[in-house]
Structure formats: C-alpha cells, structure tokens
1. Send over the per residue convex hull volume for the stretch 263-417, Cα only, as a whole number of Å³.
2. Averaged over every viewing direction, what's the projected area of the C-alpha convex hull for the stretch 69-126? Give it in nm², one decimal, please.
3. Based on Cα positions only, what radius of gyration and what Dmax would you give for the stretch 127-283, in angstroms?
4. Would you list Leu41, Leu136 from the most to the least accessible area, probe 1.4 Å?
5. To the nearest 10 degrees, how steeply does helix 300-316 sit against the main Cα axis of the chain, on a 0 to 90 scale?
6. Principal axis lengths of the stretch 204-334 from Cα atoms, whole Å, largest first?
7. Pick from Leu200, Leu236, Leu15 the residue whose mean-square fluctuation is largest in a GNM of the chain, springs joining Cα atoms under 10 Å.
8. For every helix of n ≥ 4 consecutive DSSP H residues, a contribution of -39,500 (n - 2.57) applies; sum these over the chain, divide by its total residues, and give [θ] at 222 nm rounded to the nearest 500 deg cm²/dmol.
Amino acid sequence: MNNPTDHLNWLEHLLALCRKISEHQELDPILQSIIQTASALTGSESSSILIYEQGTRSLRFRAIPLHLMKSVKLISVPLERSVAGWVFRNRKPMVLGRQRRADDPIYRVVDRELSAETRTLLAVPMIVRDRTIGVLEAVNKQNDADYTAEDVKVVEILAALAAIAIEGWRLQDEAEKAQQAVQEAEQMKTNFVAVAFHELRTPLGVILGQAALLQESLPPEQRQSAESILNSALQLRGIIEQFSTVEALERGLHQVQYERVAPAELARQVIESFGFPASEKGIRIALRPCRTDLLIECDRQKIRTVLENLLNNAITYTDPGGQVLVKIEELPQYVRVSVMDNGIGIPAGEREKVFQRFYQVEKHLTRRHGGMGLGLSIAKEMVELHGGRIWVESVEGKGSNFSFEIPYAPSPRGGGK
Ligand code: ADP
C-alpha cells in the first residue's frame, strides 16, 4: 500500500465497513463483508472468522465464503494443534509462508473437508475489551507470495472491527433477551395479580356480608367481635382495591371521565365519611371551602380518591387531639386543594420520595402505622391524569401540607375558568 491510490482504496473499504457495522441489525452480512475485504486487500484466496465456543472449548467457523460454509459448519478447531488455536491462546498474529516448518500446526481436517491445500496463511486474534473472542484468517496469497507485515496490519484492523461488531451484536442480543424476560415477568405479575384479586374478592364479599348480618343479629354486648371482623375485612378490601387501582393505572386502563363537580360539596362529603375515624382519635377536621357554586370539570371518583387518600394520611399521621384543615382556593388557572395537619411531619430528605409506590418513611420493622405505601402514588397519578400536580410542604414534628392543583376544565393549555 505504498501508493496513494491503494491508501484511498483501503480507506474506502474501511469506511464502507464502519457504515455497515453502524447500520446493520444482522451480524452475518457484516462478517461476510469483513472477510471479503480481508481477501480483497491481502489478495487471498479466501478468509474466515472463527469464534471461541465455551461449551466445546474449541473454535467454530462463523464466517467463510458462503459456498464453503456447509463443509466447515460442524468442524470444531481445537485450541491445540491448530494455527487458529495458537493465535487464540497466544493473542498474537501468526504468518505461515511457503517455506514450511515440520511443526507448523496446520489443522488438516479443514483442508480435507474443503478439498483444498493451505499453502500460506495469516491469522490474527480478535480481541475486545481485553478478551480474545476468536480469530480472523486469510489463506493462500495470490501468486504463491508470502503475507507481508502490511497484510498483518490490515487484517488486524479488520479483526478489531469484526470483534466490535460481534461484541455489539452480543450486547444487543443480551439486552433483547433481558427485555423479553422483563416483559414476561411483567405479564406473569399482571396475570397473577388479576387472578389473585379475583380469587380474594369473592370470599371477602362473603365475609363482609356474613359479618354485617352477624352484627345486626347479635345482642349489643356481643357485637364487638362481629364489628372487628367487619373492620378487618374492610381493611383487606381497601388493600385489594389499592392494588387493583395501581395495576389498572400501570396498564393505562384509567381514563378521566369528566363531569361537572362542585369541589366544596365533594370535600364536605369526603370529610363527613371520615367522621368516625377522626372522632375516634379526637382529631378535628375543618373545611375552608371555595364558593359553593363553583363548578369544575373533573373525574369525580378520581378526585374523591385523591382527597380520601390525603385525608386518611392526615388522620393516620397526626397524634390524637390534632387538627386537620382542608382548604380550597380558586387560582387563575387552577383550583387548589390543600390538606394540612399538625401531625408528625416528614423529614426533608423524604418529601419527594413519599409519592413513589410502596415508599414509606417509617422503617418496616419499627412501623407504628399501617398502610401499603400506595395512597400517595395513586393520588399523584390521578392528579396528573387531570393535567395537574401534587406536592407536599412539611416540617418534621410540626405537620404536613399536601396540596394539589387541577385545571377548571380539560384543556390543552391546562385550564382556566
Ligand atoms: P401509606 O399507606 O403508607 O400511608 P402513602 O403513599 O399514602 O402510603 O404515604 C407514603 C408515606 O408518606 C407514608 O408511609 C408516610 O410515611 C408518609 N406520609 C404520608 N402522608 C403523611 C402525613 N400527612 N404526615 C406524615 N407523613 C405522611
């Protein structure tokens, strides 16, 4: 390659190969191009790529001119007694010239299968990230010439390209398999959750029905036991509903069903439904509503769930005798609802994390409060389905203020009255 035309030719080949590697999805056409280039640039009869196979601890042909593939497909080239094996083990090129030494390790099985004779041979290792993965060979230089130092350089560069292509393909293959495994696991989880919830709902319905009947039929002094069965079953139903909601949100099954809602009235209803647990803990819930005639367009059930989850937390994480305030404000673009408590508060580092699924500030073994760590993540997704946002301000030991804003009506620009 002493003249500029040869150099240009070589660079053009190299450029074409690099393009092919970056564009092609399939490995075999790339390797075919590499061995064709190796043969063309070194003036060889043929070239081939052998890859190390862990299982048989031998080298197998991965690329060779297509018409020869059938003959060599099943051959395992051993690491001992073969040129390719020597190159692979020693990570160095080997050149066999016409002047043959008696101990040249040519593996004659390949010659026999191809009905050919190896007269001259150049073999270089394919190394990627310090790992030898195979060998690139060029066989029988034209006019029975010997391979030159320049041929070695050219084939070494091509071997490096082949190694990169093979490694890239291997990583892509691994990534695809991993992604498929994740999808399968995800599908299994979805199926499991659907079946498990279905199976749980039916007996739970029976327990709830029977406990309610029992409660009515028992004399007042014995009602307590039926009541605790009923409460535990209701708790279980709440957990199942939360899981089902998360599952449906994950699968994108939740759509916003817009209707006209009066936020002041909705908040009043939700607060009323928490009357019992709040009074049991001696917690006072106050409402500072917006105009009672203010109507917004939203999904009533979803916003109700958001309010219920925030109120439930405010009562859960506030000590007996505490206070909760629900405030509704009309802002130019959004209606803002805040649920404030003077409870235990949230440490600064935890505030963003509480909206993640299953995240709980208290450590599992020392938890004083129940719950699954799902309520806020559900609330966040429901608010975001409306094009709104939710956040928390809190001082540890003093209390928390959870607020969410949603547009007055669905609009691509985010609302407005
Ligand atoms: P959980 O079912 O555990 O209440 P959530 O998703 O509703 O799940 O809340 C996640 C975590 O955020 C809770 O476990 C709690 O540590 C913290 N948290 C939520 N609301 C409050 C609050 N009002 N005051 C203090 N901590 C809260």
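The values are calculated or read from the model by the stated rules, or taken from the named source; none is laboratory data. Values in this document were obtained by computation on a predicted structure and should not be read as measured data. Every residue, glycine among them, receives a Cβ derived from its backbone with ideal geometry; neighbour counts consider all protein chains shown. Only protein heavy atoms, including side chains, enter the accessible area calculation; ligands, DNA and RNA are left aside. Shrake-Rupley method; radii C 1.70, N 1.55, O 1.52, S 1.80 Å.
1. Given the Cα convex hull of the stretch 263-417, per-residue volume reads 106 Å³.
2. 4.2 nm²
3. Both quantities, over Cα of the stretch 127-283: 34.0, 111 Å.
4. Ranking Leu41, Leu136 by accessible area, largest first, yields Leu41, Leu136.
5. With both axes taken from Cα atoms, the answer is about 80 degrees.
6. Result, largest extent first: 55, 40, 26 Å.
7. Of the options given, Leu15 has the highest mean-square fluctuation.
8. Result for the chain, helices only: -16500 deg cm²/dmol.
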